[in-house]
Structure formats: structure tokens, C-alpha cells
Amino acid sequence: MPGRVSARSTRSSASAVSRKSSTQTLKSRASASTRTSAFAVEIPDEGPTTSLRTQICSIFGDAQRSTATQRKLVINLRKVQEACCYEPTKPGKHQEYEDFGEPEFNEEFGRCIIRVLAVKKSEPVGDRIIRFLGLFLKHASEKDNAIALPEGVDTTDAFPETPSSRLTSHILSLILPLLTAKDKTVRFRSTQLIAHIVNTLDSIDDELFQLVRLGLLKRLRDKEAAVRVQAVLGLGRLADEGAEDEDDEDSDDGIAGGILEKLLDVLQNDPSAEVRRSLLLNLPFTPATLPYLLERARDFDGATRRALYSRLLPALGDFRHLSLTHREKLLRWGLRDRDENVRKATARLFRERWIEDCAGSQQPEEEGGAPPGQISKPSFDALLELLERIDVVNSGVEGGIAFEAIKEFWDGRPDYREYITFDDDFWNDLTPESVFVARTFNDYCRLAGDSKLQGMVEDKMPEVTKFSFFVQKHLNVLIEDVRKVALQEQDDAEAEEDTVQQEFCVEQLLHIALTLDYTDEVGRRQMFSIMREALALPELPEECTKLVVEVLRTVCGGNVAGEREFCGIVLEAVAEVHDTIMGEDASQQDVDESFHSARSELSVDVTPTKANKTHKKEKNDEGNSEIDENKAIREIMVNMKCLHIAQCMLQNVQCDLEQNSVLVTMLNNLVVPAVRSQEAPIRERGLLCLGLCCLLSKNLASENLTLFLHCFTKGHEALQTISIQIITDILITHPSLIAPPSPQLAEADTSSTEIPAQAANPLLKPLTKTFLRALSSPSPSLPVTACIAVSKLLLLSLLQITSARDLLKALTLAYFNPTTASNPALRQVLSYFLPVFCHSRLSHAALMAQIAVGVMSKLVLMREELEEEEEGMVSWSIVAGMFGEWTDGRKVVGGELAVDPGASSHKTSDETEEPHILLATEILERVLTSGCSRDERKPLLTLLAKVHISPTSSINPHPSNQEPLQALYALVTEALETKLAPDATSRNVLSKLEITLTKRLGDIEAVVQAVEDETVIEKDEEEVEEDTMLGEAQAEGTVMPSGGSEEDEELSTMMKKTQLGVEDSVVDKLLESELDI
């Protein structure tokens, strides 16, 4: 660190500047004097240079070069401090410092520290000096405490005052006033230095503690994020101490005590991700702060989320201290994060850190856990405990987070893959955790695509015959548990929990059965018999029933004969279930009747009175009503069970319904009566089965489509949702139902934006009304279902232009409508659909261009209504930007911006500009009408600014492209003449568009003129040769006065020949016109 510049060097440098200034001009001298006065700083007199100053500056100068020698420099500086602050133990050593005392040392030390404050953040020199300061203060404090407090002295009451503590107080007194400096670099270095001191030392003076606390609290509101980061680092250490002083207040800005509360507020609301991340890693782990720390798993910044999973949670300790809700949320948020690094950090946390916590508790005490940084040996009990800690029974269902977690576990722990074995004892004594291990291991190995893993799972899993017996055993246990729970008069929570766990085990076994190889005929027959018997059990739960049907379908084979056999077996099972339940009801009714009759014979009087008759009649009525109610409930249960089996069967067949007599029988005897039922649950499930039947028969779908529309109109919300889904699936499966009536109408070309006029299908109008009504429903779920349905139909281009325009307009309005902000599911669907739809085909972009003006007009009226209620909408610039992007033909798949420039499949610029030309025409036509208000005109012209029309035509310009451009040019000219633009920006947009169209039309006219000139020359030459070559010319059809079609063909041929020759002249003309402008 250099000392103060000597007077001699100052004078010589000043004279040098004076001599240099004398040779400059007056203007240069003035500017030089201005710069000198602007940066002139009055350096205070620091006294003469001493040996102490020289030595300390030398040590600081060496410390700023590298951190490798800082520990040695700390020892050297400590020797200097001891020579100044203590009496020398060995006289004659360090005599050069004996004339200096502690105040001089502190002054020189502070003088060097002050120099760091002007060093910018990007310079590593400042960080090295601050690190050196921390090392020295810590080393000096330890030495001073060892001198002042011998061993055996209690230090809990108060810390002694030492030279190091006085040096710390001196430095803090110098730095604290600079926390409020105007220069951001000074504020940053001051806050950084104080934070480093606070995190390095064990104690500071009480008065300085309060000043440091208040100063850092003020820096939490600094406008510079780097300053706030350093304030957070310092206050993180003071959080526990500051929580005790809740009553302190600062009169300047109202900052009160309670550091922890303020830090938690910063953690949630600070706009800088770096500040939130620093605070996340420096807050203490307490029950009060833990929910706020874990909340950062949903932080906007990916690095902050990654820091939580990779640094905070591993350092948090045993994960079992977290609640089950926190564990499940952390896994779900982390494994489904959009950032790949966050997903990897979460998977590493699960398979390395959490499994180690379980493995450490499973090992015997004499063995102990694995050394820090090493992985324990595989433990099956540890894996089972880990799955139990994440509640695999609930999170292990289809779509649960346990599937994703265990997949990452198998992927990153090959040692567990080798260690796991499945013997007979394992399959006989299954638990939800163990069977989940078997199921996920089987799925991972079979879906990995690795022959080694495939061979591994074949060796570890039992053969089909043995596995079928395990399935049968656990199915029997499940049925027994279900019957026991049904017969209990009082609810037994433990028995119900056991039943749920056994049901989960059976489900996992059936999932494994779906992946087995049934080429072994013995095993296939055994599994077929077990599934057939299980399907006929009325106590079998619904999810198990669904899986049994799927396994039965797999066992029957994928051919037509197997499908027919499968349908017959399922229909027989439905009949058995119906007869079993209704047979039990009949037998129970017979027993009850015999019991009542016997009791009445014993209790009846010999001579019955009128009162006895009345009492007997009332009892009979009550008994009959109870019997009727029980019978109705049982019938509902029977129908629901049978319909569920039928639904599972229909979801696994693909044959033609009319060619399968089994399906026709089921339709007439089970499905149709269910649709006509007065019970809502039966009607809903029957309608769902009827919809599945319609997917298998076009004629049946055509006959019942009006029925589904009627169910939507008259039904409740659940029935409306089912109707919308069925209608959409029918239209996608049988698109000819809504095709135009005329079969001779050819399909429109998807690469063109022109959609031919089509005759309206009579079903389109009621279908459109149904979808529009569903989109405007107040229910939160029904509009989402309708939006997904309409999105599918529009993407597949199944609807005609009129219906497609109305539905697309409704979807776009719903996207911008602020009332849909409370329905994030709907917004998410629309956010994905709208850009995908518009960029899939040019015709889709053109359709959006047709409705854009109408949507903008609706939004203007909507904004006027919302302004009265003080509710906000997105700005017009955002709306215009979205419409401009959605209608940009260059971004369509196959357009100029969607594929490589060298690709041969992309559209020409003329085709990609058609949506924007159409949009500009629609805008100007609306602006020029008398009904367009000023409030509507301004956003429309803002949208016009997003239109892209190239001033030059494509490689092969065609005269037919001139008509829409001429019409647009006429509209622009009229708009400029009538001065409709409300501001200068809008006028500039119109002027720019006029210039672009002028160049573009001039380009086309030049090409057309050149083609006409070439055609005239060719005709003159042909007339000269007409006398000698008339017959040949007529045969070739080159000069035929009455042949209009040949002339058009000749014109296009000439255009191709003269294209390259005319191009240079056209470019020259355009350049000349630009120079003239």
C-alpha cells in the first residue's frame, strides 16, 4: 500500500502538467482545467511518513496481491501490533516500533482500510484485503484473549477489553458513517467490510452492536442489489441476537427491532434473486424460519431453487424431522421443476442424502454409519423406510411423485439394482413399500431399453405360473378384508387402513402382470383363470377391477379372436356379478319375511282390535319402506358395478360394434337402460359407456349426437363435462359427421389462406352454441374442459370456417379477459394453444387475422366497463404484439423464420405475408368506418405497426398479388388524406406503410411492364416468320388470336425468361426512388 505522495513529487508533477498545458490550444486548456477542477480532491495532511506506516503499508501491499501468503502476513502484522501495544518481553527486538503506541498502530491500520472503500466490486483486490482483515482480527483476538484470560477463567459474564477489540471498534467507527455515502462503491465496500467483521468475530462492543444493527437494517432498502446482499450476510449472523430486542426503534426511517422478521420479508419480496439466494443460505435453521426457507422451492429464479436442493436441504440434517407434507411438496416441486439442474439436484438429494439418513438408523450401533462423504452399503430396510417416509400408499398411485422419485433412485444407484432380490418369502409377505419396490424395479428395467437390465429383471422376477399364485393369494386376502370391513357395525380405522394397504399391494401386482411374457401357455391359462374368477367378485374394488380387465385383455391376445373372447368373458362376469348381488338381496329378503311372519304369529291377539290393526299397518308400511330403500340402494350398487366393468371393457376394444353381437347385447341390456335411469350416478356412467360405444360405431354416433347435446343443455355440471368430452371424441373419431353435405367438395389446401365457401352442416350450429355456452360457464372446471375440446377441433381443422371463426374469437377474448385471471388452468391451456394454432398453418394465421379487429373492438368496450370498476387489463402494446406475432406468416411451420434459410420446403415471402396483408386491410377498413371511435382507433393503429410487409417482392412475383396490395394501398392513402391518425406515432405508421407499398407495387409493375415488352418483341419476330412457318406456328400454338389460355401461358413463360434480366433494373429504380425521397 503506497504511502502519502511526497511534496517534491507533487510539485514536479504539477510543473509537468503546466508545461504540457502551455503547448495546447485555448479550447484544450479550458477542457483540461474543467477536468482538473471536477476531480480535484483535497487530501488531508496525514503527517510525515514513519517506519510504522511503511511496514504496515508494505504488509497490506503484499496481502492484496494473493491470498496464498496472507497467513504469514497476518503473523507479521501481529508482531507489529504486539510491539506497539505490549511491553517487549525481549528487549532489543522490534526496537523500531518501540516509539509507537497502540493509537498510532490503529490509526495507520485504519488509514489502509479506508483505501479499500473506493475499489470497485469487479476488482478482486478489495475482496483480498477484506479477507486479510478478517483473518488478522480473528488471529489477534484469539491471541489477546489467551493473554488476558488465562485457562480456567469464566468468560460468560463479559469479554475483556483488549487491543484487538479496541482496533475493531476503531475500524467500525470509521466505516459506519460511510454506509450512507452517495457513491454506490463506497456503500458496497463499507457494508461488505462490516458484514465480514460481524461474521468473523465472536463479540463486539454493545454500543457498536446497535449501530451496526441499525446501519445494516437501513442497507436492506438500498437501491443497489450488491449492497443489499452484503447487508443480508451481516444481518444473518445478528438474526438471533436481534430477535430479543423488539422494542428498539429508529427515528429516521421507522425501522424497529426484530431483525428476523425483516429478513423474512426480504426473503419473500426482494426483487433481486441474488439477495434472496444469499439470505436463503445464511438464515438460521429454526422452526419459525423453516417454512420460509422451504418456500423458496417455488422461487422464480432457477439458481435459488437449485441452491435450496443442493446446499440448504443437505445441510439441514435428517430429513425425517420434516413433516410429511413438506417432504412430498419438496419432491414434487423439485422433480417437476422446469430447470433441469433443479431436477438433478432433487434426484441427488433423494437417492444420496435421504437414503443415507435411513441407512444410518438401520445399521447396528457397533458398526456405525458411513464416514462423511461416503455412501453406505445398500440396505433393503433403508429403502423401505425411505418409501414409508414419503407415504408411498398415497404418492405411489398413477401420476404420484413416488414414481418419479424412485425412477431417479434406480437410475442413479446401480448398487441397489444389483443388491435387490425377490425370493418366495418376499412375495408371500408383501407390504406396500416392498411391492412398490418390485413394481418400479420391473418397470425401470423393462422400459430402459438395456439388454443387461432386461436380463437382470428376468432373472430376479418369478415365472408367470408362480407369480399367478402369488396374485391369487393376495387377491383372496383383499376380498376377505373387504368383507370384514363391510360386516363391521362400527368403523374400525385400523381395519380400513389394512384394507387400503392390501388393495395397493394387489394393484402393484396387477401392474407387474401387465408386463409379463405370456408365451408360456401353462402360465397364461393359470393367469386367465385367476383373472376370470376375480372379475366376477362383486367385492373387488374399482381400480383393481380396471387392472384385472386390462390383464385379461393382455392374456387373451391382440388378434380379433382374442378380442371377441375377451368381450364374451367380460359380459359373463357382468352377469355373474349382477346375479350374485341380487341373489343375496332375494335370500336376505326371504329371511326377513319369514322372521317377521313368525314374530307376528306369536304376538298377534286372538281378537284384534282397531288400534292393533292400525299399529300393525304402520309397522308394515315402515318395514316396506325400509325394504324398498335398501333394495333401491342395492340396485344402484349393482348397476354401478356392472357399468364400471363394461366401461373398462369398452376402453380396451377396437372392433366394430355392429359386427360384435356381445357388444350389441351389452348396449341394449345394460347401457341404454342406464342412460334412461333417473339416478344421476347411473345416468352419468351409462352416458360415458354410450359414448365409448359411439366411438366404435359411426351410425350409433350419428344417432346419439343430438342426445349428448340434449344432456349438456338439461344436465348438471358433471353431466355437462361428460357430454362435452364425448362430443369431442366422437367428432375426432368420425369427422365426416360434421363434413359439408356436398360430397363433391374438395378439401382445401392447407398451405393457402383462402378457404372456399362450404355448405353449412346442420349439426354445426348447435355444436357451436354448445361449445360457446360451455366456455362462458361460471363453473371453473367446465370452461377448461370446453377449451381443451375446442382446441383439439381447431388444431385438426375439423370445423368449417364460420364455426371456427366464432370459437376462435371466443377463446381469444377469454385469454385477454381479466375475469379469467382467477382460472389459471384456463389461462394455461390458452397460453399454449393460441401460438401453436396460429403457427401450425397459414390458414390458421389468416383466420386469426380475420378475427383480430373484432376482438380488439370487444376489448375496447370491455376496458371501458372495467375502468369504471377500477380493474386493470394488459396494455394495448402487449395485445398488439401478441396479435402481430400470431398472424406473422414467417413463423408458421415451414415459413421463413421457422426453417433453415437453405431449406427448399419453406414458403415464399408472398405467401407468408398474406395474413399480415389481410390483417392490415381489416384494420384500415374498420378505422375508416364512421362507427370507429377515437379510443378504438388508437389500439388498432398500434396493431397496424406490428404488420410486416416487405418493400420488395419475392423471387417470382406474380401480377395476381397486385390486387390485395393495391386495395391496401388505396386504404392507406385514404387514411392519410382523411387524417384519421390521432397522434404522430400513428401517422408515422401509416406513412411508413404507404412508402413500403409504393416500392412493392412499383416492383410488380416494373416486372409486368418488362414482361409485356418482351412479349411484344416476340410477337413481332413471329409475324416476320409467319409467311414461311405458318403451319408449324399454328401447330405449336404460338400465335393464335383467339386463344386466351395460350396467351396467359406464354405470358408466364416470358416472365420466367426475363426475370433475371429485369431484376437489376428494378433494384436500380428502387434505389433511385429512395434517394429522391
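The values are calculated or read from the model by the stated rules, or taken from the named source; none is laboratory data. Nothing here was measured: the structure is a model prediction, and the numbers come from that model. Quick reminder, even Gly has a Cβ in these numbers, built from the backbone with ideal geometry, and neighbours come from all protein chains shown. Protein only, heavy atoms only, side chains kept; ligands, DNA and RNA dropped before computing areas. Shrake-Rupley method; radii C 1.70, N 1.55, O 1.52, S 1.80 Å.
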Within segment 442-460, which residues are under 26 Å from Ala534 (Cα atoms) and touching a helix residue (DSSP H, G or I) at 6+ places or on another chain (Cβ under 6 Å)?
-> Asn442
Can you name the condition, by its number, that Leu516 falls short on among (1) assigned to a helix (DSSP H, G or I); (2) closer than 30 Å to Gly558 by Cβ; (3) open to solvent by less than 30 Å² (accessible area, probe 1.4 Å); (4) not aromatic (Phe, Trp, Tyr)?
-> (1)
The listed residue being at pLDDT 90 or above, in contact with an Asp or Glu (Cβ under 7 Å, 6 or more places away or on another chain), hydrophobic (A, V, I, L, M, F, W, C) and within 27 Å of Lys938 (Cα to Cα), out of Ala814, Ala846 | Ala846
Selection from segment 306-341 of residues under 17 Å from the mean Cα position of the chain (by Cα) and either open to solvent by 10 Å² or more (accessible area, probe 1.4 Å) or among the hydroxyl-bearing types (Ser, Thr, Tyr) (or both) yields Arg306, Lys329, Arg332, Trp333, Leu335, Arg336, Asp337, Arg338, Asp339, Glu340, Asn341
Considering Ala825, Ala814, which residue is touching a Ser or Thr at 6+ places or on another chain (Cβ under 9 Å) and open to solvent by less than 30 Å² (accessible area, probe 1.4 Å)?
-> Ala814
Going through segment 431-460 one residue at a time, which ones are farther than 20 Å from Thr499 by Cα and in a loop (DSSP other than H, G, I, E, B)?
-> Ala448, Gly449, Asp450
Which of the residues spanning segment 529-544 are crowded, with 19+ Cβ neighbours inside 10 Å and under 21 Å from Glu463 (Cβ atoms)?
-> Ile530, Met531, Ala534
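Would it be correct to say that Val482 is modelled with pLDDT under 95, open to solvent by 30 Å² or more (accessible area, probe 1.4 Å), within 19 Å of Val548 (Cα to Cα) and under 33 Å from the mean Cα position of the chain (by Cα)? Spell out the reasoning first.
Working: modelled with pLDDT under 95: yes; open to solvent by 30 Å² or more (accessible area, probe 1.4 Å): yes; within 19 Å of Val548 (Cα to Cα): yes; under 33 Å from the mean Cα position of the chain (by Cα): no.
No; evaluated as a whole, the condition is false for this residue.
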Top-ranked residue of segment 706-738 - restricted to ones that are outside any helix (DSSP H, G or I) and crowded, with 16+ Cβ neighbours inside 10 Å, ranked as modelled with the highest pLDDT = His734
Checked against (1) open to solvent by 10 Å² or more (accessible area, probe 1.4 Å); (2) under 27 Å from Lys769 (Cα atoms); (3) in contact with a Phe, Trp or Tyr (Cβ under 9 Å, 6 or more places away or on another chain), Cys694 satisfies every condition except (1)
Look through segment 384-439, keep the residues that are within 26 Å of the chain's Cα centre (by Cα) and polar (S, T, N, Q), and return whichever of them is surrounded by the most Cβ atoms within 10 Å (Cβ to Cβ).
-> Ser395
Considering segment 159-186 alone, what residues qualify as being touching a helix residue (DSSP H, G or I) at 6+ places or on another chain (Cβ under 8 Å) and closer than 15 Å to Leu137 by Cα?
-> Thr162, Pro163, Ser164, Ser165, Arg166, Leu167, Thr168, Ser169, His170, Ile171, Leu172
Single condition Ile636 does not satisfy, out of (1) outside any loop (DSSP other than H, G, I, E, B); (2) at pLDDT 90 or above | (2)
Test for Thr499: is it open to solvent by 70 Å² or more (accessible area, probe 1.4 Å), without any contact (Cβ under 8 Å) to a residue 24 or more places away in the chain and among the β-branched types (Val, Ile, Thr) | no
Which listed residue is in a loop (DSSP other than H, G, I, E, B) and modelled with pLDDT of 70 or more, from Gly47, Gly92, Gly61 | Gly47
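Determine whether Tyr292 is open to solvent by 40 Å² or more (accessible area, probe 1.4 Å), among the aromatic types (Phe, Trp, Tyr) and in a helix (DSSP H, G or I).
Details: open to solvent by 40 Å² or more (accessible area, probe 1.4 Å): yes; among the aromatic types (Phe, Trp, Tyr): yes; in a helix (DSSP H, G or I): yes.
Yes; evaluated as a whole, the condition is true for this residue.
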